[in-house]
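Everything below concerns the one structure shown next.
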Amino acid sequence: MDLRSIKKDILRGIHDCSQRGLYHSVKWLSELNFSLSHVKLSHQFIPESEEFEDEQEEYLLAKSYFDIKEYDRCAYFVKSCTTPKPRFLYFYSQYLSIEKKKLDNMTDSNCPPDSSKNNSLKNLCEQLQHDFYQNKLDGYALYLYGVILKRLDLISSSIEAFVKALSFEPMLWCCWFELGKLVSDKNSLSLPDHWMKQFYIAHACLEQLRNDEALEICQSLCSQGFENSTYLMSQVALGHHNNRDLDKAINMFKKILELDPYRLDNLDTYSNLLYVQEMKTQLADLAHKVVSIDKYRVETCCVIGNYYSLRSDHAKAVLYFRRALKLNPQFLSAWTLMGHEFMEMKNINAAIQSYRHAIEINHRDYRAWYGLGQTYEILKMYFYSLYYYKQAQQLKPNDSRMIIALGETYEKLDKIENALKCYYKACSVGDVEGLALIRLAKLYDKLNESENAAAAFTEYCLREDDNKEKMYDDQTEFFNALQYLANYHLNKGQLDDAYTYAYKCLECNETKEQGKALLRVIAAKRGEQDNEVKMEDPTENTSPPEETNTSDMNFSLMILENQ
């Protein structure tokens, strides 16, 4: 990459987007420009501001009103303008006015207004459509046209408008961003061969949960001169988060906050990581920090919501997630997290509504599909549950949690063959929570296939024995597996193996008595075997080895009596 040429493009993009009030693109480009501080341009290469243009007076007046969010007033003064820049400002101020009024009129319900039933938005779309068919729209106006089409659920037309906009204005990051959320195949579109395309591909891969590919592209961009970009760092953190490399993701977010301590972007994801890891102190510190920066940002509300959720104050958590949605009804994370809270509160209907809104915003949100599967499982509507779990599993094909959920649902529907396949696949892709083997073993036991059950229980015990940080619930499953194996080997007459497993059962209160009983049976069977040996070979009745065995057996019985 030619970093000087790239920096020149960025500076021009910052100027053009700023002139049109596209402040999120300005922010993104400015952060990227800052990461290239080591690249210096001589003055003759720095783009100059545009000189005086037609309709400049109307534009400057309208832009001043736009900057203080008087959108209707802005639109009024550029209504008759025909040059591209004021014409874009006319359409954009109308759009923002419609969105602002919609937010102001929102009731206390969870459901935001349906964009497809918004007559004002439809009228604005018709105006843009008229100019579109007459080829009067520049790249910026085409982007806005695409956004409105998307809000009206005209997705294919929206994609067409975005692609055309990028052919005119490849520096328009907000257009790349919207396109990355809509396409299912990043290579299916004819996009300009521009250096911005690499950032788009990384973003699209993350949206499609192709995390390893996204991480590879981000690392490649970092090695080409963008190593100081906090945006790329955040993309890397999101990739690690999606891959469940939680420690790597947390460390990356810590690094970002060291470089930019007042950055709030993506901190809702950081708070999710701290929540999952049960890092209460760090989450409390983060909540205090974000409130001191901006208490009315959607990310702040989500961080506080996660903080209250970790404290099991689910009602307050819901309150803050609702506040986030008041600020931005399209904020995906808040809908999903609020669904989780309603699940904790046993409010199944509200949880279903929350998850459905999340899917309407982004149909690739596997957490919402998975949450819907759980809600219908609680309602014992297993065929519905199966459908939603399948959707989640298709989005995360190598996530053992989704596969195990599918297997359990198949088991409840008595589709045993499908359940076995799911448990096997979960074992093969890497059993994150260590549940696949125990489910497989129990299913084999239920089918009276003792050999297969014992093999699965043995593998489970070996894995759990290597894991020194077992939770209590896992310990219960572990010791129940040991008890099964002790009985299995006892029935097979393999007393040494049975003794080993039975003796380990003494370490758990729930299996202690059963372990004692098994050891007594094993000791009795050993005694019977010793007597049979003596009867078959009376010349060896007093041999030292048998005396030793008898004393060992008596010692084991003494241990049992003392416990």
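The values are calculated or read from the model by the stated rules, or taken from the named source; none is laboratory data. Bear in mind that the values here come from a model prediction, so they are computed numbers and not experimental data. Counting neighbours? That spans all protein chains shown, and the Cβs are built from the backbone with ideal geometry, glycine included. Only protein heavy atoms, including side chains, enter the accessible area calculation; ligands, DNA and RNA are left aside. Shrake-Rupley method; radii C 1.70, N 1.55, O 1.52, S 1.80 Å.
A few notes on this one:
- For the range 356-362, 3J(HN,Hα) computed residue by residue from phi via the Karplus equation (6.51, -1.76, 1.60; θ = phi - 60°) reads 5, 5, 4, 5, 4, 6, 8 Hz, glycine and proline entered as x.
- Burial order of peptide ranges 148-155, 227-234 (average beta-carbon count within 10 Å, highest first): 227-234, 148-155
- Listed residue (Ala368, Tyr71, Gly430) projecting farthest to the positive dipole end of the chain, Cβ model: Tyr71
- Between helix 509-536 and the chain: long-axis angle, C-alpha atoms, 0 to 90°, nearest 10: 40
- Ranking Gly139, Gln282, Cys81 by how far each Cα lies toward the positive end of the dipole of the chain (charges on Cβ) leaves Cys81 at the top.
- Pairwise Lys count, the range 174-291 - Cα closer than 15 Å, eight or more residues apart or different chains: 4
- Accessible area ranking (1.4 Å probe, heavy atoms, ligands and nucleic acids excluded), largest first, for Val39, Val521: Val521, Val39.
- Using a probe radius of 1.4 angstrom, the carbon and sulfur fraction of the accessible surface of the chain is 49%.
- Cα gyration tensor category, rounded, prolate or oblate, for the chain with a/c compared to 1.5: prolate
- Surface exposure of the chain, expressed per residue as accessible area with a 1.4 Å probe, stands at 51 Å².
- About the Cα centre, charge dipole magnitude for the chain (Lys/Arg +1, Asp/Glu -1 at Cβ), debye: 2300
- For His288, the solvent-accessible surface computed with a 1.4 Å probe is close to 130 Å², ligands and nucleic acids excluded.
- In the assembled protein chains, Lys79 presents an accessible area of approximately 120 Å² (probe radius 1.4 Å).
- Cα shape, the range 256-326, gyration tensor, a/c 1.5 rule: oblate
- Taking every protein chain into account, the 1.4 Å probe leaves Asp260 with about 50 Å² of accessible area, to the nearest ten.
- Positive dipole terminus of the chain, leading residue within Pro170, Leu206, Met1 (C-beta point charges): Pro170
- Of all lysines in the structure, the ones whose alpha carbon falls short of 17 Å from that of Lys136, not counting any fewer than 8 places away in one chain, are Lys79, Lys85, Lys164.
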